[in-house]
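Enquirer: Below is a structure I'd like to ask you about.
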Amino acid sequence: MIRPDKRQALQIYLVLCGAYVASQFYRVANAAIAPELMTELALSAEVMGGITGLFFLAFAAAQVPTGILLDRYGARRTMTGLFLVAVLGALTFATANGGVVLAIGRVLLGLGCAAGLMGAMVVIARWYPKERFAGLSAMLFVVGGGGTLLATTPLAWAVEIVGWRGAFLSMAGLTAVFAAMLFLVVRDTPPGQAAAGNRAETWGEVLSGLRAVLANRQLWLVSAIQFVGYATVLTVVGLWGGPYLADVHGLDGVARGNVLLALNIAVLVGVSLYGRLDHYITRRKGLIVAGAVATAAILGLLAGLEQPGFWTATILLLLFATVGSYVMLNHAFARAILPDHLIGRGLTFQNLAVFLGVAAIQSISGLIIGGFDGGGGHSPEIAYRWVFGFLAALLIAAAAIFANASETAKVQS
């Protein structure tokens, strides 16, 4: 039989995975509905890229405050409160009649989802031994990645039946359910251990902890590759993948959704594969650098090939999504260099780099796409090739910086 504490840990873990579904959905949903949003609300490519990036800008801005809240008040209260903000964001997005309200909805969604992954990782770090952190974090991403799958073909079907507004209203209701489950089921620490919020730090201790985080050179080096790594995946899979398939290969909504579904499944497969590799390969830094360089090489092929056939492009995109999933190892690298009392602030600091990168790079990609006026709301193939090349160059630079980090010691189970 499962011991009561292990049973409770599993229940909490499953709720965290379920809640992460909503965060993942909101991150990438615009890729499937971007053409419809641009047409209905008369949005240019530059505006669409900027609005999509606002989620990640708000998410990034909330990271350090969220880290303080996680360490000071615990994940249960912090995550529940923020998920209620996400409910408001989904409702705002669903009722938008123009770019401004749509942007406000994305900002609220970004704020509301700010603790979706990092809050879960803080709980995992306190309920499970260190040697299980990488594997459980990878599985969290895989299970929670069901949200990215919901944002592909299922979302395309829903849009055809109830429209994108109806789909977001439904997600608002589901997010409210997750908020209730977080409050009712999640506990910050196992029974018998001091909960994170039992003794609130003084503001002097809070600032001292932040100074320790900012002084950690290793954390800055991992933040360099965090700034670029996930942004490359989200810029393709979560934003321009749908428009690329529509403009270059002529796919309709459901067909685009099918390909995006396959890409998101490839991301989850990649996370699982890297999780297994991390278990057997002791040099985590080398695995991260190799993943980044291989991802850049695939992007380089997409940038260099002129008018690739549909299947050639799709296979390269699937390889990109699979190989680019090394980014989840970055969180495990960061966890390994952090003392327990700084887990919340340290993880959210490096996650700040992740989403500042997504916000900046998605916005810049919108400017690149918009610089090639294809007319009629469509962009030419060369515009997307420039984006692929831009992302490849950034990845190479980030991998070169991260290569200066010291290898972290790993505890094998």
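Enquirer: On the given criteria, is residue 45 buried (at least 23 other Cβ atoms within 10 Å of the Cβ) and over 20 Å from the mean Cα position of the chain (by Cα)? I'd like the intermediate steps shown before the answer.
Expert: Values: buried (at least 23 other Cβ atoms within 10 Å of the Cβ): yes; over 20 Å from the mean Cα position of the chain (by Cα): yes.
Criteria met by residue 45.
Enquirer: Go through (1) within 23 Å of residue 29 (Cβ to Cβ); (2) among the hydrophobic types (A, V, I, L, M, F, W, C); (3) assigned to a helix (DSSP H, G or I) and name the single condition residue 224 misses.
Expert: Tallying (1) within 23 Å of residue 29 (Cβ to Cβ); (2) among the hydrophobic types (A, V, I, L, M, F, W, C); (3) assigned to a helix (DSSP H, G or I), residue 224 fails exactly one: (1).
Enquirer: If I filter the range 262-276 for residues that are without any contact (Cβ under 8 Å) to a residue 12 or more places away in the chain and not aliphatic (A, V, I, L, M), do I get at least one hit?
Expert: The first filter runs over the range 262-276 and keeps only residues without any contact (Cβ under 8 Å) to a residue 12 or more places away in the chain, leaving 276.
Next, from what is left, pick out any that are not aliphatic (A, V, I, L, M): 276.
Checking the range 262-276: at least one residue is without any contact (Cβ under 8 Å) to a residue 12 or more places away in the chain and not aliphatic (A, V, I, L, M).
Enquirer: Something else about it: Scanning for something under 24 Å from residue 137 (Cα atoms), β-branched (Val, Ile, Thr), in contact (Cβ under 8 Å) with a residue 12 or more places away in the chain and touching a helix residue (DSSP H, G or I) at 6+ places or on another chain (Cβ under 8 Å), does the range 292-315 turn up at least one residue?
Expert: Within the range 292-315, the first condition is being under 24 Å from residue 137 (Cα atoms), and the residues that meet it are 292-295.
Right, trim to β-branched (Val, Ile, Thr) and you get 293, 295.
Filter again for in contact (Cβ under 8 Å) with a residue 12 or more places away in the chain, leaving 293, 295.
Filter again for touching a helix residue (DSSP H, G or I) at 6+ places or on another chain (Cβ under 8 Å), leaving 293, 295.
Checked the range 292-315: at least one residue is under 24 Å from residue 137 (Cα atoms), β-branched (Val, Ile, Thr), in contact (Cβ under 8 Å) with a residue 12 or more places away in the chain and touching a helix residue (DSSP H, G or I) at 6+ places or on another chain (Cβ under 8 Å).
Enquirer: Taking the residues in the range 387-406 that are surrounded by fewer than 16 Cβ atoms within 10 Å (Cβ to Cβ) and of a type outside the set (A, V, I, L, M) as candidates, determine which candidate is modelled with the highest pLDDT.
Expert: Looking at the filtered set, the residue picked out is 404.
Enquirer: Same structure again: Could you please find all residues in the range 64-93 being over 19 Å from residue 179 (Cα atoms) and either modelled with pLDDT of 95 or more or surrounded by fewer than 24 Cβ atoms within 10 Å (Cβ to Cβ) (or both)?
Expert: Residues satisfying the conditions are 64, 65, 68, 72.
Enquirer: Something else: Taking only the range 359-386 into account, find how many residues are at pLDDT 85 or above, of a type in the set (Ser, Thr, Tyr) and not in a helix (DSSP H, G or I).
Expert: Selection size over the range 359-386: 0.
Enquirer: Condition (residue is more than 30 Å from residue 189 (Cα to Cα) and without any contact (Cβ under 8 Å) to a residue 40 or more places away in the chain) applied to the range 78-95: is it met by at least one residue? Talk me through it step by step, then tell me what you get.
Expert: Of all residues in the range 78-95, those more than 30 Å from residue 189 (Cα to Cα) come to 90-95.
Remaining after also requiring without any contact (Cβ under 8 Å) to a residue 40 or more places away in the chain: 92.
There is at least one residue in the range 78-95 that is more than 30 Å from residue 189 (Cα to Cα) and without any contact (Cβ under 8 Å) to a residue 40 or more places away in the chain.
Enquirer: Here is a follow-up. Here is a list: 14, 91, 37. Which entry is of a type outside the set (D, E, K, R) and under 19 Å from the mean Cα position of the chain (by Cα)?
Expert: Details: 91 fails: under 19 Å from the mean Cα position of the chain (by Cα); 37 fails: under 19 Å from the mean Cα position of the chain (by Cα).
Within the list 14, 91, 37, the selection yields 14.
Enquirer: Let me ask something additional. So in the range 242-273, with the set limited to residues that are in a helix (DSSP H, G or I) and farther than 18 Å from residue 319 by Cα, which one is modelled with the lowest pLDDT?
Expert: From the range 242-273, those in a helix (DSSP H, G or I) are 242-249, 253-273; that's our starting set.
Going one step further and asking which of them are farther than 18 Å from residue 319 by Cα, we end up with 243, 246-249, 253-255.
Values: 243: 86, 246: 86, 247: 84, 248: 84, 249: 86, 253: 73, 254: 78, 255: 84.
Only one residue fits best here, namely 253.
Enquirer: Take residue 46 and decide whether it is over 17 Å from residue 151 (Cβ atoms) and at pLDDT below 80. Give the steps one after another, and end with the answer.
Expert: Details: over 17 Å from residue 151 (Cβ atoms): yes; at pLDDT below 80: yes.
Yes: the conditions hold for residue 46.
Enquirer: Residue 163 passes all but one of (1) under 18 Å from residue 33 (Cα atoms); (2) under 23 Å from the mean Cα position of the chain (by Cα); (3) modelled with pLDDT of 85 or more; which number fails?
Expert: (2)
Enquirer: Moving to a separate point now. Considering only the range 25-57, how many residues are in contact with a Cys (Cβ under 9 Å, 6 or more places away or on another chain) and not basic (Lys, Arg)? Walk me through how you get there before you give the answer.
Expert: Step one: filter the range 25-57 for residues in contact with a Cys (Cβ under 9 Å, 6 or more places away or on another chain), giving 26-27, 55.
Right, trim to not basic (Lys, Arg) and you get 26, 55.
Residues that pass the stated criteria total 2.
Enquirer: I would also like to ask the following. How about the range 241-273: which of its residues are within 18 Å of residue 139 (Cα to Cα), buried (at least 22 other Cβ atoms within 10 Å of the Cβ) and among the small types (Gly, Ala, Ser)?
Expert: 270 - this is the single residue of the range 241-273 that is within 18 Å of residue 139 (Cα to Cα), buried (at least 22 other Cβ atoms within 10 Å of the Cβ) and among the small types (Gly, Ala, Ser).
The values are calculated or read from the model by the stated rules, or taken from the named source; none is laboratory data. Values in this document were obtained by computation on a predicted structure and should not be read as measured data. A quick note on method: Cβ atoms are made from the backbone with ideal geometry, for glycine too, and the neighbour counts reach across all protein chains shown.
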